[in-house]
Amino acid sequence: MDRRRTFSGVSWETKTGYCRAIRVGDNIYVSGTAPIDAEGKTFAPGDAYDQTRFCLQRIQKALQDLGSDCQDVVRTRLYVTDISRSAEYAQAHHEFFAAHPPANTMVEVRALVDPEMLVEVEVEAICQS
């Protein structure tokens with residue numbers, strides 16, 4: 001089966017040996033995507049909405065690199081460090097997926113790699129193209 005990969009260029013990909021997303025047939029799996037900017041720093045420290053939106057923009061780009069887009073997403077997972085801010089994470093999620101809602105899970109975790117990170121997002125998509 002054909003496998004295609006895309007990379008976002010963050011240093012974590014080469015340091016730990018993973019790609020941003022991989023397409024296997026019609027299935028696309030997007031790695032956990034954290035709010036890390038081009039300089040390797042946490043984007044928008046303290047802002048749950050902006051961090052989530054940043055992650056989803058990076059995910060959308062990965063999907064597009066593999067011939068897909070947000071309408072093909074069937075599952076999203078948000079790992080958050082403060083569940084009391086769920087409305088902020090949900091607002092950004094809604095902007096990307098309201099027209100084609102996927103199954104979704106949001107869970108609170110004790111910590112992410114950097115204490116300034118409030119969210120990490122992963123998705124799965126199924127597309128036929």
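Structural remarks
- Overall form of the stretch 56-129 per C-alpha gyration tensor (a/c, 1.5; a/b vs b/c): prolate
- Selected from CYS19, CYS70, CYS55 as most flexible by GNM, with the chain as the system and alpha-carbon contacts under 10 Å: CYS19
- Neighbour-limited loop hits for GluC sites (Glu not before Pro), the stretch 1-88 (at most 16 other Cβ within 10 Å; DSSP other than H, G, I, E, B): GLU39
- Global geometry of the stretch 13-76, whether rounded, prolate or oblate, following the gyration tensor of its Cα atoms and the 1.5 cut on a/c: oblate
- On Cα atoms only, tilt of 86-97 relative to the major axis of the chain in degrees: 20
- Fluctuation leader among ARG23, ARG85, ARG110 - the chain, Gaussian network, Cα springs under 10 angstrom: ARG110
- Antiparallel content of DSSP bridges confined to the stretch 41-128, in %, to 5: 55
- Per-residue ellipticity at 222 nm from helix content only, as computed over the chain with -39500 (n - 2.57) for each DSSP H run of at least four residues, stands at -8500 deg cm²/dmol.
- Largest mean-square fluctuation among ALA98, ALA48, ALA62, in a Gaussian network model of the chain whose springs join Cα atoms under 10 Å apart, belongs to ALA98.
- As a length-normalised measure over Cα pairs under 8 Å and 6 or more apart, the relative contact order of the chain settles at 33 percent.
- Karplus-derived HN-Hα couplings along the stretch 116-121 (A = 6.51, B = -1.76, C = 1.60, θ = phi - 60°), whole Hz, x at Gly and Pro: 7, 7, 9, 8, 9, 10
- Acute angle (nearest 10 degrees) that the helix 48-65 long axis makes with the longest principal axis of the chain, alpha-carbon atoms: 10
Each reported figure results from applying straightforward, stated rules to the coordinates on display, with no laboratory input. Nothing here was measured: the structure is a model prediction, and the numbers come from that model. Here Cβ is always computed from backbone atoms with ideal geometry, including for glycine, and neighbour counts include all displayed protein chains.
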